Each structure stands twice: as C-alpha cells, then as structure tokens.
Amino acid sequence: MRTYETVTIVKPQLSDGEVVELINSVKEFINKAGGEIVSEEKLGRRKFSHEIDHVRDGFYVYVKFRAEPAFIKTWDEMAKLNENILRSIVMLSVEIKAKPAPAAK
C-alpha cells in the first residue's frame, strides 16, 4: 500500500451537514476499497482565481490515505461521477527527510 493525499473541492451550495456527509461517504469509499484514512482536514470555503462550471468558490477538503495504486483510477471515476465534487486531485505522498545540519566548527 502507498500513501496518497487528495484535495477535493466540493460545491459551495452544500450545507455544512451535507459537506460532512459527503466527507464521510468518501472515507467509507476508501475503507471499502481496502484503504485506510491517515488524516483529514477541512480547509473551508475559498474563492477561485477563475470560474469552474460557472461557480466562483468551493469548499476544500484534504484527505491523506493509504491504498493500493489501482484504487486511484477508481477514485478518479467516482469523483467525476459525483455531482457535488467540482474537482479532485490525488498525489502520491512523499516524506522529505531533513538533512542533518552541518556540525559547527
């Protein structure tokens, strides 16, 4: 299993309760596919720099999860078919290991 991060933009017309319900259904979708949620964060409503489908703002949600690589194609299909999701992107999560500071002379 690999670790992925996704940022999903949800339609702004949804109420806070509907956004929570959508997030729960997304987490359930990941769990049913054999994945596991590492973390999640609601980033809130933000304005776009340009319109997406005649919409000027959206609710951003960040989810970090572990899943098999084949799951990503399934995720993309689900995001395209869900009418409440404006955009979604999945990225492979890579931890950057800090180099030790040089020793003082």
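The values are calculated or read from the model by the stated rules, or taken from the named source; none is laboratory data. Please read these numbers as outputs of a predicted model, since none were measured by experiment. Heads up, the Cβs are rebuilt from the backbone with ideal geometry, glycines too, and the neighbour counts pull from every protein chain shown. The area values use the complete protein model at the heavy-atom level, side chains included, leaving out ligands, DNA and RNA. Shrake-Rupley method; radii C 1.70, N 1.55, O 1.52, S 1.80 Å.
Of everything in the range 15-61, what is in contact with a Gly (Cβ under 9 Å, 6 or more places away or on another chain) and either of a type in the set (Ser, Thr, Tyr) or under 21 Å from VAL90 (Cβ atoms) (or both)? Give them in sequence order.
PHE29, ARG46, PHE48, ILE52, PHE59, TYR60
With respect to GLU77, is the statement that it is in a loop (DSSP other than H, G, I, E, B) and either open to solvent by 90 Å² or more (accessible area, probe 1.4 Å) or more than 25 Å from ASN24 (Cα to Cα) (or both) true? First the steps, then the outcome.
Values: in a loop (DSSP other than H, G, I, E, B): no; either open to solvent by 90 Å² or more (accessible area, probe 1.4 Å) or more than 25 Å from ASN24 (Cα to Cα) (or both): yes.
So GLU77 fails the test.
How many of the residues making up the range 53-73 are surrounded by 14 or more Cβ atoms within 10 Å (Cβ to Cβ) and either over 16 Å from the mean Cα position of the chain (by Cα) or not in a strand (DSSP E or B) (or both)?
Filtering the range 53-73 for residues surrounded by 14 or more Cβ atoms within 10 Å (Cβ to Cβ) gives 57-61, 63-67, 71-72.
Filter once more, keeping what is either over 16 Å from the mean Cα position of the chain (by Cα) or not in a strand (DSSP E or B) (or both): 57, 71-72.
Residues in the range 53-73 being surrounded by 14 or more Cβ atoms within 10 Å (Cβ to Cβ) and either over 16 Å from the mean Cα position of the chain (by Cα) or not in a strand (DSSP E or B) (or both): 3 in total.
Test LYS42 against the criterion of being free of Cβ contacts under 8 Å to residues at least 40 places away in the same chain, surrounded by 13 or more Cβ atoms within 10 Å (Cβ to Cβ) and assigned to a helix (DSSP H, G or I), and give yes or no.
Numbers: free of Cβ contacts under 8 Å to residues at least 40 places away in the same chain: yes; surrounded by 13 or more Cβ atoms within 10 Å (Cβ to Cβ): yes; assigned to a helix (DSSP H, G or I): no.
Against the criterion (free of Cβ contacts under 8 Å to residues at least 40 places away in the same chain, surrounded by 13 or more Cβ atoms within 10 Å (Cβ to Cβ) and assigned to a helix (DSSP H, G or I)), LYS42 does not qualify.
From GLU77, GLU95, GLU36, GLU21, which residue is in contact with a strand residue (DSSP E or B) (Cβ under 9 Å, 6 or more places away or on another chain) and at pLDDT 90 or above? I'd like the intermediate steps shown before the answer.
Numbers: GLU77 fails: in contact with a strand residue (DSSP E or B) (Cβ under 9 Å, 6 or more places away or on another chain); GLU95 fails: at pLDDT 90 or above; GLU21 fails: in contact with a strand residue (DSSP E or B) (Cβ under 9 Å, 6 or more places away or on another chain).
One residue alone meets the criteria, GLU36.
What residue, of LEU92, LEU86, is in contact with a Gly (Cβ under 7 Å, 6 or more places away or on another chain) and either hydrophobic (A, V, I, L, M, F, W, C) or in contact (Cβ under 8 Å) with a residue 12 or more places away in the chain (or both)?
On the way: LEU92 fails: in contact with a Gly (Cβ under 7 Å, 6 or more places away or on another chain).
Selected residue: LEU86, the only one of LEU92, LEU86 that is in contact with a Gly (Cβ under 7 Å, 6 or more places away or on another chain) and either hydrophobic (A, V, I, L, M, F, W, C) or in contact (Cβ under 8 Å) with a residue 12 or more places away in the chain (or both).
Counting only residues that are surrounded by fewer than 14 Cβ atoms within 10 Å (Cβ to Cβ) and touching a Leu at 6+ places or on another chain (Cβ under 9 Å), how many does the range 3-20 have?
Applying the first criterion (surrounded by fewer than 14 Cβ atoms within 10 Å (Cβ to Cβ)) to the range 3-20 yields 13, 15-17, 20.
Next, only the ones that are touching a Leu at 6+ places or on another chain (Cβ under 9 Å) stay: none.
Residues in the range 3-20 being surrounded by fewer than 14 Cβ atoms within 10 Å (Cβ to Cβ) and touching a Leu at 6+ places or on another chain (Cβ under 9 Å): 0 in total.
Quick test for you: out of SER49, SER88, pick the one residue that is exposed (fewer than 15 other Cβ atoms within 10 Å of the Cβ), on the phi < 0 side of the Ramachandran plot and hydroxyl-bearing (Ser, Thr, Tyr). Give the derivation first.
Numbers: SER88 fails: exposed (fewer than 15 other Cβ atoms within 10 Å of the Cβ).
One residue alone meets the criteria, SER49.
Please enumerate the residues belonging to the range 21-37 that are open to solvent by 60 Å² or more (accessible area, probe 1.4 Å) and farther than 15 Å from ARG66 by Cβ.
If the condition is that a residue be open to solvent by 60 Å² or more (accessible area, probe 1.4 Å) and farther than 15 Å from ARG66 by Cβ, then GLU21, ASN24, GLU28 are the ones that fit.
Filter the range 19-39 for residues that are part of a helix (DSSP H, G or I) and among the acidic types (Asp, Glu) and give the result.
Residues of the range 19-39 part of a helix (DSSP H, G or I): 19-32.
The answer is GLU21, GLU28.
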